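Worksheet: the structure to be examined is printed underneath.
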Protein chains: 2
Amino acid sequence: MLTQQKTFTQQAVAVDVVLFTTIEDTLQVLLVARQQDPYAGQLSLPGGIVEREESVDEAALRVLKEETAITDVYLEQLYTFGEPSRDPRDRVVTVTYYALVNAEQLDTAAGSWHAVEELSDLAFDHQNIVQYAQERLRNKLNYTTIGFQLLPERFTLTELQNVYEVILGQRLDKRNFRRKMLQLDILEETDEFKINGRQRPARLHTFRQAKGMKLQERGLVVTF
Amino acid sequence: MLTQQKTFTQQAVAVDVVLFTTIEDTLQVLLVARQQDPYAGQLSLPGGIVEREESVDEAALRVLKEETAITDVYLEQLYTFGEPSRDPRDRVVTVTYYALVNAEQLDTAAGSWHAVEELSDLAFDHQNIVQYAQERLRNKLNYTTIGFQLLPERFTLTELQNVYEVILGQRLDKRNFRRKMLQLDILEETDEFKINGRQRPARLHTFRQAKGMKLQERGLVVTF
DNA sequence: ACAAAAGTGTTGCAAGTACACCCATGC
DNA sequence: GCATGGGTGTACTTGCAACACTTTTGT
């Protein structure tokens with residue numbers, strides 16, 4: 001198979017990953033400080049070069065693992081940027097991904113979280129990539145169940161509504177939201193409650209994939 | 001800029017394009033017969049290797065130009081396939097696109113049109129790519145105006161409905177369809193009619209982009 | 001006059017939106 | 001007993017789906 005000599009123009013293929021999480025009513029992305037030029041010292045998305053023996057998806061997962069101790073992640077391809085001028089060093093074609101995790105159960109080694117509404121001065125065109133990922137996430141929230149990827153296994157309906165409000169950037173009506181979620185038939189009540197200071201405890205629910213609503217067409221939920 | 005030596009793993013980057021058109025109540029794709037192994041003699045999508053000095057989008061346009069005398073085309077990136085085993089010769093990362101044209105005003109040199117419902121034995125994983133492109137097209141039809149890309153500049157409402165029926169794979173109610181289209185406020189009546197044999201002539205309309213409905217987020221409408 | 005496609009309105013149903021009060025708990 | 005978020009139902013509006021007949025032309 002691989003005996004034939006390479007005859008094709010060769011170039012570098014990279015991956016960049018927009019890793020989202022929700023922390024206290026804001027949507028955040030994981031960023032790392034660049035060590036080298038170009039853009040040394042500035043913040044950038046975690047990324048890396050795709051090696052010859054791995055798939056592009058695997059490269060994206062590897063990059064995530066290098067930055068965080070991720071155990072469970074939703075990962076979906078976003079867009080491929082192929083302008084020759086993107087990286088000043090060399091021609092690089094970059095395949096971008098976005099990913100969703102629940103930050104509570106996560107150690108992040110190298111990177112740090114930043115609110116998407118307050119990003120500035122990212123390296124390369126990474127600010128645009130984050131913005132595009134946010135648009136995609138916003139759209140998908142309305143016809144898939146990816147929102148649940150940002151929550152722990154058991155969650156309250158208020159926490160769920162919070163995820164929707166943070167991503168959509170607007171307040172939602174509590175009664176309408178709950179009715180809609182419940183009639184989708186994707187939630188399971190538990191017998192447990194979350195005690196939250198001095199208010200009435202909130203019932204915990206779990207997510208169960210149900211008829212009619214699909215998670216995605218082309219996305220991976222990976223458990224290491 | 002480009003003075004620094006390449007330090008990255010290099011590999012081949014290719015583009016494949018799914019070019020759709022509608023011909024007599026069927027959705028068709030442009031296919032070419034492969035001259036060389038692998039898959040010599042089988043039909044495949046038009047494609048090619050991305051050269052170092054062109055962007056990936058430009059490579060897709062170049063491929064289209066090589067196969068057809070295209071003058072006006074809607075082109076949108078579809079998905080990037082990066083499994084090491086896709087091409088048996090060498091590691092190739094393939095960026096796929098789909099495109100829409102009105103076949104009437106088009107010379108196709110090398111390729112030929114094939115009904116998407118009757119494809120068999122395509123090279124590589126091209127059958128899957130066509131299927132995925134079809135899904136994307138179907139979805140986008142419902143919230144964008146890409147359907148108009150398959151029509152000539154002036155068209156009848158019946159022709160428009162036909163495009164929708166062919167892509168969605170189902171019959172639509174004439175009255176509901178017309179009402180919906182008209183209230184979108186994207187059609188312009190002309191004073192001309194299309195005479196179609198021995199029936200009542202149909203009024204020709206033109207498309208004008210209007211408020212509220214966008215053509216796409218990330219698509220190109222290119223005029224050469 | 002007839003065949004064949006163009007063109008035109010109304011009604012019922014479902015989904016979405018707006019809106020306000022009682023409940024359970026900790027302090 | 002009061003402050004705090006948890007939890008619940010109804011009325012209105014809007015968009016979608018179903019449905020049949022008249023008009024214009026060519027032969």
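Considering only residues of the range A:178-199 that are over 23 Å from the mean Cα position of the chain (by Cα) and under 25 Å from residue A:135 (Cα atoms), which is farthest from DNA strand D (Cβ to nearest atom)?
A:184
So, in the range B:156-178, exactly how many residues are exposed (fewer than 13 other Cβ atoms within 10 Å of the Cβ) and within 10 Å of DNA strand C (Cβ to nearest atom)?
The qualifying residues number 4.
Determine if the range A:148-159 includes at least one residue that is within 13 Å of DNA strand D (Cβ to nearest atom) and assigned to a loop (DSSP other than H, G, I, E, B).
No, because not a single residue in the range A:148-159 is within 13 Å of DNA strand D (Cβ to nearest atom) and assigned to a loop (DSSP other than H, G, I, E, B).
Considering only strands (runs of 3 or more DSSP E) fully contained in the range A:1-104, which possess at least 1 residues that are at the interface with another protein chain (Cβ under 7 Å from one of its Cβ atoms) and surrounded by 22 or more Cβ atoms within 10 Å (Cβ to Cβ)?
Qualifying strands (runs of 3 or more DSSP E): A:11-23, A:72-81, A:92-100.
Would you check which residues across the range B:160-175 are assigned to a loop (DSSP other than H, G, I, E, B) and not small (Gly, Ala, Ser) and list them?
Matches in the range B:160-175: B:170, B:171, B:172, B:173.
Which one of these is under 12 Å from the mean Cα position of the chain (by Cα) and part of a helix (DSSP H, G or I): A:127, A:134?
Within the list A:127, A:134, the selection yields A:134.
Is there a residue in the range B:186-206 that is at pLDDT 95 or above, basic (Lys, Arg), more than 9 Å from DNA strand C (Cβ to nearest atom) and surrounded by 13 or more Cβ atoms within 10 Å (Cβ to Cβ)?
No, the conditions are met nowhere in the range B:186-206.
The values are calculated or read from the model by the stated rules, or taken from the named source; none is laboratory data. None of the values given here were measured: they were computed from a predicted structure. Every residue, glycine as well, gets a Cβ built from its backbone with ideal geometry; the counts of neighbours run over all protein chains shown.
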